[in-house]
Amino acid sequence: MVSPFIEIPVETPSGERFVKVTNPEKTYFSALPEGRGRKLDLVEYYLSVADGIVRALRERPTVLKRHPDGAEGEAIYQKRVPDSRPPWIETATVHFPSGRSATELCPVDVAHIAWAANLGTLDFHPWPSRRDDTESPDELRIDLDPMPGVGWPEVVETALEVKALFDELGYVAFPKTSGSKGIHVYVRIAPTHPFIDARHAAVAVAREIERRRPDLATAKWWKEERGERVFIDFNRMARDQTIASAYSVRARPQATVSAPITWEEVSRVQVADFDIWTMRDRFAELGDVHAAIDDVQHDLEPLLELYARQAEGEAPFPPSFALQPGEPKRVQPSRDTRNKKP
């Protein structure tokens, strides 16, 4: 009889923790060979990339995207950690405009991540700020999302345009595959600005890349205006909006992961190159190729100055937000009666 659970010893800076893994033989990734897509394989994957995943999540309030029935099962976005958690689990409380709050997981070591993986967590969605000051982001995230009809080469080309802009600003940027269709580009910033400024910085990047390459990229919020281009999703930097972290496993039968890569690799890799097994081998050989991401924090002011020079005003917020000061009317252009001739 297969044991209903096992306990895995995990070394942490605070000492050894024992993480229970229930139903370790349960299949989570159907496209992997038999015996390589189990729940236990998921947990052991995260342990194998411990240094990298902890660097990506450390001290950040983190939403858990759980798939307790496996990658093809229903997703549960869990903001609040369960009360029945080990006493060593650390948390951070975040507040929302509605007046409500949530006590979220705040990983400080890989035992926290293994514990969450046992709950069926595939991807970890951290805030771009840390728990000491959750209202001041220290990470600028640029999300490159290809629209239908757009291929991987166009995503790569857009990423290189973003790099060129950041190079001009003197920013050191770090790319990673999304693990799905796109590429994410991260820049560490000094935590001296509120979320609205960080979002405006992302808007500035999106508009500037669209200005330079209107054939390739778009900053248009409404889908009907994007066409077959790469959408630069500036609203990933809106408060309480998150992206799957580096090393997160995505909800795909192939168990692809959001893979940190170098700029030299951008043009020669594919999303499918990185799964919970190939990333183990890569990490064992190279370690975390984003290990230097915390070495420098950049000033956001040059991007805020660019936003002001663009003089295009506020961009639409996600629909979950109340209408913001200066925001245009939330209506699809094709349904806006102001644009129709009498």
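Among the residues of the stretch 256-266, those that are under 19 Å from ALA56 (Cα atoms) and surrounded by 16 or more Cβ atoms within 10 Å (Cβ to Cβ) comprise THR256, VAL257, SER258, ALA259, PRO260, ILE261. With the structure loaded, tell me whether LYS181 is surrounded by fewer than 23 Cβ atoms within 10 Å (Cβ to Cβ), part of a helix (DSSP H, G or I) and of a type in the set (Lys, Arg) or whether it fails that test. No, not satisfied.
Quick grid of which residues meet (1) in a loop (DSSP other than H, G, I, E, B); (2) within 23 Å of SER136 (Cβ to Cβ); (3) among the aliphatic types (A, V, I, L, M); (4) out of contact with any Leu (no Cβ under 6 Å at 6 or more places or on another chain):
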position: ARG17; (1), (2), (3), (4): no, no, no, yes
position: VAL43; (1), (2), (3), (4): no, no, yes, yes
position: LEU47; (1), (2), (3), (4): no, no, yes, yes
position: GLY52; (1), (2), (3), (4): no, no, no, yes
position: ASP83; (1), (2), (3), (4): yes, no, no, yes
position: PRO97; (1), (2), (3), (4): yes, yes, no, yes
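The sole residue among LEU140, LEU122, LEU165 that is touching a residue at least 40 places away in the same chain (Cβ under 8 Å) and in a helix (DSSP H, G or I) is LEU165. Among the residues making up the stretch 240-258, those that are under 16 Å from TYR77 (Cβ atoms) and part of a loop (DSSP other than H, G, I, E, B) are ASP240, GLN241, THR242, ILE243, ALA244, SER245, SER248, ARG250, ALA251. Do we find a residue being closer than 27 Å to ALA201 by Cα, modelled with pLDDT under 95, among the small types (Gly, Ala, Ser) and loosely packed, with under 13 Cβ neighbours inside 10 Å anywhere in the stretch 321-331? Among the residues of the stretch 321-331, at least one is closer than 27 Å to ALA201 by Cα, modelled with pLDDT under 95, among the small types (Gly, Ala, Ser) and loosely packed, with under 13 Cβ neighbours inside 10 Å, which makes the answer yes. Of all residues in the stretch 23-40, one or more are part of a strand (DSSP E or B) and either loosely packed, with under 13 Cβ neighbours inside 10 Å or modelled with pLDDT of 95 or more (or both).
Condition (residue is over 23 Å from TYR46 (Cβ atoms) and in contact with a His (Cβ under 7 Å, 6 or more places away or on another chain)) applied to the stretch 94-108: is it met by at least one residue? Among the residues of the stretch 94-108, at least one is over 23 Å from TYR46 (Cβ atoms) and in contact with a His (Cβ under 7 Å, 6 or more places away or on another chain), which makes the answer yes.
Count of the stretch 146-160 residues, restricted to those that are of a type in the set (Asp, Glu) and either assigned to a loop (DSSP other than H, G, I, E, B) or surrounded by 20 or more Cβ atoms within 10 Å (Cβ to Cβ) (or both), is 1.
Here are some residues: ALA111, ALA116, ALA92. Which one is modelled with pLDDT of 95 or more and either in contact with a Leu (Cβ under 6 Å, 6 or more places away or on another chain) or assigned to a loop (DSSP other than H, G, I, E, B) (or both)? Every option except ALA116 fails the conditions.
Note on the stretch 267-291: among residues that are without any contact (Cβ under 8 Å) to a residue 24 or more places away in the chain and among the aliphatic types (A, V, I, L, M), the one that is surrounded by the most Cβ atoms within 10 Å (Cβ to Cβ) is ALA272.
Among the candidates ARG80, ARG100, ARG58, the residue that is closer than 25 Å to ARG282 by Cα and not hydrophobic (A, V, I, L, M, F, W, C) is uniquely ARG58.
The values are calculated or read from the model by the stated rules, or taken from the named source; none is laboratory data. If you're wondering where the values come from, they're calculated on a predicted model, not measured in any experiment. Heads up, the Cβs are rebuilt from the backbone with ideal geometry, glycines too, and the neighbour counts pull from every protein chain shown.
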